[in-house]
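The values are calculated or read from the model by the stated rules, or taken from the named source; none is laboratory data. Predicted model only: the values in this text are computed from it and were never measured. Here the Cβ positions follow ideal geometry from the backbone for every residue, glycine too, while neighbour counts run over all protein chains shown.
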Amino acid sequence: MTLSEVGPPAVDPRLGHWLRRLRRTTDRAGLGLPPGPRSRGNWLTQVEVARLAGCTPRAYQLVEQGVRVPGPRLAEGIVRALRLDPQQQAYLNSLLNPVTDPPTLLDRAVLQRLVDASAAPAMVFDRYWTVVVVNAAMAPVSPYVVPGANLGAWLFSRVGRSIVGWERETEEFVARYRLAQAAYPAAGLTDPVMERLCRVSERARLLWAGAGVAADPVGKRWQVRTPSGQLRTYEVTVAQLASYAPGLRLAFCLPVSGPA
């Protein structure tokens, strides 16, 4: 097979869409640029991004159109031009360097024993945030978190509003979900989970149309109002299980006693 038969490297269709959304939400003032004309809004133009990135307008335009894979130099220019933070840089790098999904070694019995060994609420969920296994201690936190349930669907439902700071949590979920999914080669722009969430939740649709990216926190405080009406605080810790099954994450919800 010759090089011409192989053809150019495939462009992840998410790349251009994300850069366009990011360009249109980047603060011009933060880049030292004057306000844009009201006729086109206050977002950056492709020409301005290209100038800041040190490339031709056509080169950057091809990237946003999904025609060109930016090389290392152009990618560095985009990072510099849009002032991407570490999470955004990680997202860009994942889209430019997809990896082949390794085989998943999924033994639910082993995972069940793992979460059952914890006296605190614990569960394992997959790359789509669908619960694989959960222990009995999770029931008092939320009886809706069961194997097969999707945490995103739960969060954007009526019962998900039992979480204190629901708006912040939904924003963080979408940003974390976007970064996690970037590690997998995309067959298209449609994500099966977010497609469903966007159909039933206007907030999910608005957040998914944005450009937010965030990494899983090492630990965080999480408050939820239980079905009995009690307000409980948990310290949530999430650990990757990449060596056992890529995409799986183990979450512990350790109860916090006293004032939150």
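Would you check if residue 221 is in contact (Cβ under 8 Å) with a residue 40 or more places away in the chain, basic (Lys, Arg) and either in contact with a helix residue (DSSP H, G or I) (Cβ under 6 Å, 6 or more places away or on another chain) or over 17 Å from residue 131 (Cβ atoms) (or both)? Step through it out loud before you land on a result.
On the way: in contact (Cβ under 8 Å) with a residue 40 or more places away in the chain: no; basic (Lys, Arg): yes; either in contact with a helix residue (DSSP H, G or I) (Cβ under 6 Å, 6 or more places away or on another chain) or over 17 Å from residue 131 (Cβ atoms) (or both): yes.
Criteria not met by residue 221.
Which helices (runs of 4 or more DSSP H) does the stretch 38-93 wholly contain that include 3 or more residues that are surrounded by fewer than 14 Cβ atoms within 10 Å (Cβ to Cβ) and assigned by TED's automatic domain parsing to the domain that holds residue 19?
Of the helices (runs of 4 or more DSSP H) lying wholly inside the stretch 38-93, those with at least 3 residues that are surrounded by fewer than 14 Cβ atoms within 10 Å (Cβ to Cβ) and assigned by TED's automatic domain parsing to the domain that holds residue 19 span 72-82.
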- request: With the condition kept exactly as written, say whether any residue in the stretch 145-154 is more than 18 Å from residue 236 (Cβ to Cβ), assigned to a helix (DSSP H, G or I) and within 23 Å of the chain's Cα centre (by Cα).
  value: yes
query: When residues of the stretch 127-137 are filtered for being assigned to a loop (DSSP other than H, G, I, E, B) and either touching a residue at least 60 places away in the same chain (Cβ under 8 Å) or among the small types (Gly, Ala, Ser) (or both), how many remain?
result: 3
query: Using beta carbons and a limit of 9 Å, which pairs, at least six apart or on different chains, have the first residue in the stretch 138-166 and at positive phi and the second one modelled with pLDDT of 90 or more and β-branched (Val, Ile, Thr)?
result: 148/130; 148/131; 148/132
- prompt: What single numbered condition from (1) at pLDDT 90 or above; (2) over 30 Å from residue 236 (Cβ atoms); (3) in a loop (DSSP other than H, G, I, E, B) fails to hold for residue 33?
  reply: (1)
